[in-house]
1. Of the residues 104, 55, which single one is within 30 Å of residue 150 (Cβ to Cβ) and modelled with pLDDT under 90?
2. I'd like to know if segment 212-221 contains one or more residues that are at pLDDT 80 or above and assigned to a helix (DSSP H, G or I).
3. If you go through segment 68-126 one residue at a time, how many are under 15 Å from residue 215 (Cβ atoms) and assigned to a strand (DSSP E or B)?
4. Does residue 179 satisfy the criteria of being surrounded by fewer than 16 Cβ atoms within 10 Å (Cβ to Cβ), modelled with pLDDT under 90 and touching a helix residue (DSSP H, G or I) at 6+ places or on another chain (Cβ under 9 Å)?
5. Could you tell me which residue of segment 127-144 is nearest to residue 67 (Cα to Cα), considering only residues that are assigned to a strand (DSSP E or B) and in contact with a helix residue (DSSP H, G or I) (Cβ under 9 Å, 6 or more places away or on another chain)?
């Protein structure tokens, strides 16, 4: 009987020990799953900074040709503005460039000015300047500038490479993520990184365009002395003579008419004045005879 009690006690202890081991395993399994999801999110952020740092460390090894933005401003006198402008446009087409703006202004009868802004490939920059100056009588102003953007471009190139590495890493995490919360967090980070990549790539394309094509702004002035020609239309001598003769006759007729009107209209007064004058005259004449 005593042996049977000891056997039951040992069997009960064994069951309790097995139950305790099973509960410990379940608890560790739950902790492992929770830690796994947190690990993915933490890796997403850690690898993002690590990838950027590793690519930036290699940025000093990037070899890039010098990138210069060339611009030129010319102010010239030309003999014939229209012909000079056509020749410049022809040169632009020959060099594979394009016209940005073209204007012509007429200030007065003697001065005509025009402005043309063009862009030509960088390799033809100096040659095009020479061709444009050959069309001028004299060059009034010449201003050439160059802006070195090599360092800025290399920095953008390094940044976009690091962002690409982060993008690839986030895509990998997205494929391995199992929980909705992890997917949303990674998707948000991925969208932000891709937006930053688009902005950087846009700046790089702008610098590439500015350095591959040079800008030339040409202001042209044409001054000429206008010699007036003989205006045959205003030399109607015979017509003007007849007009002047008619005017003179009309004046005489008008004057004669006014005299006739004056004498006839004032005839009574004139007769009285004549009679008074005649009387005074005879009185003076008699007086002289008496004396």
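1. On inspection, the qualifying residue turns out to be 55.
2. Within segment 212-221, one or more residues are at pLDDT 80 or above and assigned to a helix (DSSP H, G or I).
3. 19
4. yes
5. The extreme case among them is 144.
The values are calculated or read from the model by the stated rules, or taken from the named source; none is laboratory data. Since the structure is predicted, the reported quantities are computational estimates derived from the model, not experimental observations. Virtual Cβ from ideal backbone geometry, glycine too; neighbours counted across all protein chains shown.
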